[in-house]
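Enquirer: Here it is, the structure, as structure tokens.
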Amino acid sequence: MAIAIGWSAGGGGFGVAWAPTWDLRLAFELDGLAALYGVLAAGIGTLVFLYASAYVPRHLAHQERSRREEARLHGAMVLFLVSMLGLVMAQDLIALFVFWDLTAVASWLLVGYDRHNRDARLSALMALLVTAVSAVLMLVGILMLRAEYGTVQLPELFAVAQESTTVTVAVALIAIAALAKSAQVPFHFWLPRAMAAPTPVSAYLHSAAMVAAGVFLLSRIHPLIQLDARLLDGLIVIGLTSMAVGGLLALGSRGLKRILAYSTISQYGYVVTMLGIGGAAGAAGACFYVLGHALAKSALFMTAGAVTEATGAKALGEVGGLARRMPLLAAGSGAAAAGIAALPLTIGFFKDELFFKAALDRGNVLGALAVLGAALTFAYMARFWTGIFLGAPKGELRPVERRLIWPVALLGALVVVGGLVVGPFADLARDAAVVTQRGAVELEAAYHLDARAENLMAIGAYALGFALFASGRLLGAPLSVFSRLGHDLGPERAYNASIRGLNRLSNRLHDIEVRDLRGRLIAVVVPGAGLVALGVAVTPTDGAYRTGALPAADVPLVVALAVCALAALAVPFCRRHLLIALALSGVGFALATTYSLMGAPDVALVAVLIETIFALLFVGVFALLPRDVLRREARLRAPRSRKLRDAAIATASGVVTSLVVWSAFSRPVPREGMSDRLSALAPEAHGKDIVTVILADFRGLDTLVEITVVAVAMIAVSLLLRGKLRG
Amino acid sequence: MNPLFAIVIGVLFGCGVFLLLKPDLFRVIAGLVLVSNAANLTLMASGLTRSGQAPIAPVEGNEPVADPLVQAMTLTALVIGFAVTSVLLALCYGVYRARRSVDLDELSREEAAEAAALEADEPPLDEESEYDQQDEFDEEIVR
């Protein structure tokens, strides 16, 4: 409601700096397009919440689940609603991307609401993966645009973008994400699967919100799409294909919700086609279509849910003759079905009229295809409604709450009102189209009782559609072959194969990684070293490796370092544990000497202390263990291949470390004078040794924590050695 | 001086990694000690002035003063490293007391055998093979 008022007040916008260093702003604007989709998301959302408040308790009762789980669904729905509103108003592509992914996450929660059900989980995952993986492509596209023009603000982009290959590729990537979200061929397979969701979720996400987000994005970036005619043509092809595939599959399916899912694919195919046709007619038609479709389709989804609740039937053929027994539902959903099928006196009539007009503008072939598509729509809608409400009554009828019925009736009434008083609806769509088109748009929706082309096309579509509907039984076999083929060769197969492959790959990696400590180490060290080596390889080497001076006074330092290296090299060759401990002490004391030669008496002192304790600790622990345990370890000989592998890994990591450290030491060049000044400051902190001043004063708190760590460690050691702690 | 320090640090690190890959727990700890030694030396050697007189006031003469900042950091690193290594050593002893072995290969073999024995008692979770059963999920949509 607030959105409607805001829109009629002329919209408005605000922006806050989000991450100024990246020039990201949380800019929102309630323009015509945002108003259209916002009204749909919030308005239908409200009805769906009412519907869900009756539906979900029944749903949970069927599955013997706790009533408390209701909150989870409502929470996810609110998350979805909020992210949808953020999405439609975002003016910053990165913010838009974030909300886009939030809707995907919310949809995952909602589709997978029946989490004990494996199909629901897999379906939720599929919806998430198809829409979120393609969203990564979108992010790539956004970043390409940013690299090209240095901004992700849509208004700025529209102002500066020129036709170029980069822009075309970037926009195509974004369009792929949009098409996947709108379940267009070849990404359509996730939508029928998502019907595993509870019905209110489908009524919301899969009619007015989630799938609408795709065409919303196409409308939002339409000024960029218009830069390249190839993109527009691509949209037409995908739109028409989706129309045909969705329509045929809808005509061939039996499941109530599945028919509606295929219908959604086909209906958004219309919208994509119109966006591909472009121009004022296409933009106006697309926006109006979304509005008309969303109202009718959510009513139909709710009908399907109410019918299933009342009779237990989930597919055509299990139900019939409900018209007399549930008249209000029949009337409401009849109006909605008529709206989808574009009968006169419904808002749907105008949506098809605008569609025909836009198609005719592009030529007769497209016009003919449009009629065929509309005929398919008419046929499956007729089959859906008559299948449920006409014919012989079947099955038991259980009483259902009124809240399951009257949202349908309300939406049905809206569809009819839209057919009689089209003005406000047309205004809403026109304002949205103005944003898409970035120019004035005329949207004329009225009945004309004459033989103009659109009227003739509509009549032709009804006739053809009725013929298709009447020959339903004849069409059954070819349609099932079509869906079988689609299943065997379609993109879903590729999806499943890739999921299975990924799963296997991850299992294998998991096996390698967690088998033992060594595997885990290799899994961390090897990729880490590889990345570092890559970094070293691509960094310019100019001036990166300086040898630096070697004054004569440093000769003792060199000797100490050499001793240290030799001792370290000796460690791997020691067989007996005592020798290892001795060699380690050698390394440690050599290092202490090095520190003392580097003008660091404090460090040298601590190092000597620590090395002494270490030597004692090592020897002490060895003394605690029986001789034979250690001796067995010492005698153990690794196979040659493993030895070679370990040596290769060790050498590689050593070499890479040397290179990295060398280049790190080379810049900045050692400078003198800094330390002198620092040291001169020590007396002001009531100390003489600046190192102790740093530790006790500047970093006093750190040192305190450090002391605590040491104390805790010592307690742990003493407990472990006494055998009080058992793992 | 730069390449010299780099080589010594590389040697320390390489030997450390080599030992880390050994099955003997004590050698693994020795490897860890070497690696942290390499890190400490890196810290120390990355000072702006690498050698000279100790940074203790009052400074006398013209000899440059060593960088005190890296010294303070190395001190912290040394002490923490010492604490960690002592706990590891004690843990090693704990492992020996619990398992009578300090060999990683042997320990993971035993662990795997125990896990297998546990799994034999309980039926495996079907979550694992969820994606391999997808074919059934496939079929259902054709209807």
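The values are calculated or read from the model by the stated rules, or taken from the named source; none is laboratory data. If you're wondering where the values come from, they're calculated on a predicted model, not measured in any experiment. With ideal geometry, Cβ positions are generated from the backbone for all residues, glycine too; neighbour counts draw on all protein chains shown. For the accessible areas, the whole protein counts, side chains as well, though only heavy atoms, and no ligand, DNA or RNA atoms are used. Shrake-Rupley method; radii C 1.70, N 1.55, O 1.52, S 1.80 Å.
Enquirer: Give the average, rounded to an integer, of partner chain Cβ atoms located within 10 angstrom of each Cβ in A:491-498.
Expert: Partner-chain Cβ atoms within 10 Å, mean over residues of A:491-498: 1.
Enquirer: For the pair A:L616/A:R398, report the inter-label distance in nm, with labels modelled 7 Å from Cα in the Cβ direction.
Expert: 7.8 nm
Enquirer: Another question about this same structure. Are there trypsin sites (Lys or Arg not before Pro) in segment B:16-117 that DSSP marks as loop and that have at most 12 other Cβ atoms within 10 Å, and which are they? Don't skip to the answer; put the middle values down first.
Expert: On the way: sites: B:R27, B:R50, B:R97, B:R99, B:R100, B:R109; in loops: B:R50, B:R100.
Within segment B:16-117, the qualifying trypsin sites (Lys or Arg not before Pro) (loop, at most 12 other Cβ atoms within 10 Å) are B:R100.
Enquirer: Place +1 on the Cβ of every Lys and Arg and -1 on the Cβ of every Asp and Glu in segment A:2-470, take the dipole about the Cα centre, and give the residue among A:L81, A:Q162, A:A178 whose Cα lies farthest towards its positive end.
Expert: It is A:L81, whose Cα lies furthest towards the positive end.
Enquirer: In segment A:553-661, carbon and sulfur make up what percent of the accessible area (probe 1.4 Å)?
Expert: 74 percent
Enquirer: Given the -39500 (n - 2.57) contribution per DSSP H run of 4+ residues, what per-residue ellipticity at 222 nm results for chain A, rounded to the nearest 500 deg cm²/dmol?
Expert: -25000 deg cm²/dmol
Enquirer: From the P(r) of chain A, can you give the percent of Cα pairs sitting at distances over 44 Å?
Expert: Working: 116229 of 263901 pairs.
Everything past 44 Å amounts to 44 percent.
Enquirer: Moving on. In debye to the nearest 20, how big a dipole does chain A give about its Cα centre with +1 on each Lys and Arg Cβ and -1 on each Asp and Glu Cβ?
Expert: In debye, rounded to 20, chain A gives about 3360.
Enquirer: Starting from the 7 Å offset along Cα-to-Cβ, what nm value, one decimal, do you get for the label separation of A:S471 and A:R230?
Expert: Here the answer is 4.0 nm between the modelled labels.
Enquirer: Suppose every K and R has +1 on its Cβ and every D and E has -1 on its Cβ; what is the size of the dipole of segment A:313-374 about the Cα centre, in Debye to the nearest 20? Mind showing how you got there, number by number?
Expert: Values: 6 positive and 4 negative charges, 39 e Å.
In total the dipole reaches around 180 debye.
Enquirer: For a Förster distance of 60 Å, can you work out the FRET efficiency between the beta-carbons of A:A453 and A:A648, rounded to the nearest 0.05? The partial results should precede the final answer.
Expert: Values: r = 76 Å, r/R0 = 1.27.
Once rounded, the FRET efficiency stands at 0.20.
Enquirer: In the neighborhood of A:V167, defined by Cβ-to-Cβ distances under 10 Å, what is the net charge if each Lys or Arg adds +1 and each Asp or Glu adds -1? Let's see the in-between values first.
Expert: Details: positive: none; negative: A:E148, A:E163, A:D228.
With Lys, Arg at +1 and Asp, Glu at -1, the net is -3.
Enquirer: A further question on this structure: Let's see if you can work this out: charge +1 on each Lys and Arg Cβ, -1 on each Asp and Glu Cβ, no other charges. What is the dipole magnitude of segment A:684-726 about its Cα centre, in debye to the nearest 20?
Expert: Here the size comes out at about 500 debye.
Enquirer: Here is a further query. Among A:V619, B:V102, A:V365, flag the residue with its Cα farthest along the positive direction of the charge dipole of the protein assembly as shown, charges on Cβ as +1 for Lys/Arg and -1 for Asp/Glu.
Expert: So the residue furthest toward the plus end is B:V102.
Enquirer: So for chain A, taking the charge dipole from beta-carbon charges (+1 Lys/Arg, -1 Asp/Glu), which of A:A634, A:L248, A:A711 sits furthest toward the positive end?
Expert: Checked the options; the winner is A:A634.
Enquirer: Hydropathy at least 0.0 by Kyte-Doolittle, axial extent at least 27 angstrom from the Cα trace: which helices of chain A, defined as entire DSSP H runs, fit?
Expert: TM-like helix candidates: A:32-62, A:70-89, A:118-149, A:229-252, A:256-277, A:279-311, A:364-389, A:517-538, A:577-597, A:601-624, A:640-666, A:700-722.
Enquirer: Could you give the length gained on full extension between A:A494 and A:A172, defined as 0.36 nm per residue of separation minus the Cα-Cα distance, in nm?
Expert: Working: separation 322, 0.36 × 322 = 115.92 nm, distance 2.15 nm.
Length difference between fully extended and current span is 113.8 nm.
Enquirer: Can you compute the modelled spin-label distance between A:S66 and A:A147, with each label point 7 Å from Cα toward Cβ, in nm?
Expert: 5.1 nm
Enquirer: Also: Distance cut-off 18 Å, Cα to Cα: go down the list A:K257/A:K297; A:K257/A:K351; A:K181/A:K357; A:K181/A:K314 and report the pairs above it.
Expert: Among A:K257/A:K297; A:K257/A:K351; A:K181/A:K357; A:K181/A:K314, the Cα-Cα distance tops 18 Å for A:K257/A:K351; A:K181/A:K357; A:K181/A:K314.
Enquirer: Where does the charge balance sit around A:A375 when Lys and Arg score +1, Asp and Glu -1, over other residues with C-beta under 13 Å from its C-beta?
Expert: 0
Enquirer: In peptide A:558-568, what is the residue-averaged number of other protein chain Cβ atoms found within 10 Å of each Cβ? Working shown, then result.
Expert: Values: counts 3, 0, 1, 9, 3, 1, 6, 8, 2, 4, 11.
Mean shielding count: 4.
Enquirer: State the antiparallel share, in %, of DSSP beta bridges confined to the protein assembly as shown, rounding to the nearest 5. Before the final figure, lay out the partial values.
Expert: On the way: 12 of 13 bridges.
Just about 90 percent of them are antiparallel.
Enquirer: If you take every residue apart from A:L464 with its C-beta less than 15 Å away from the C-beta of A:L464, what net charge results, scoring Lys and Arg +1 and Asp and Glu -1?
Expert: With Lys, Arg at +1 and Asp, Glu at -1, the neighbours total 0.
Enquirer: Additional query: Ignoring ligands, DNA and RNA, what percent of the accessible area of segment A:335-485 is carbon or sulfur (1.4 Å)?
Expert: Carbon and sulfur together cover 69 percent of it.
Enquirer: Suppose R0 equals 41 Å; then what is the FRET efficiency for A:L609 and A:L505 from their Cβ-Cβ distance, rounded to the nearest 0.05?
Expert: Numbers: r = 50 Å, r/R0 = 1.21.
After rounding, the FRET efficiency stands at 0.25.
Enquirer: Return the FRET efficiency for the residue pair A:R637, A:R722: r is the Cβ-Cβ distance, R0 is 30 Å, and the value is rounded to the nearest 0.05.
Expert: In this case the efficiency is close to 0.30.
Enquirer: Take segment A:363-424, drop everything but the C-alpha atoms, weight them equally and run the Debye formula without solvent; then report log10 I(q)/I(0) at 0.14, 0.25 Å⁻¹ to two decimals.
Expert: Per q value, in the given order, log10 I(q)/I(0) is -0.73, -1.08.
Enquirer: A further question on this structure: So, in Å, what gap is there between the alpha-carbon centers of segment A:550-625 and segment A:166-223?
Expert: Using only Cα atoms to place each centre, the spacing works out to 64 Å.
Enquirer: Once fully extended, how much extra length lies between A:A533 and A:K314, figured as 0.36 nm per residue of separation less the alpha-carbon to alpha-carbon distance? Could the numbers behind the result be given before it?
Expert: Working: separation 219, 0.36 × 219 = 78.84 nm, distance 5.91 nm.
Stretched fully, the A:A533-A:K314 segment lengthens by 72.9 nm.
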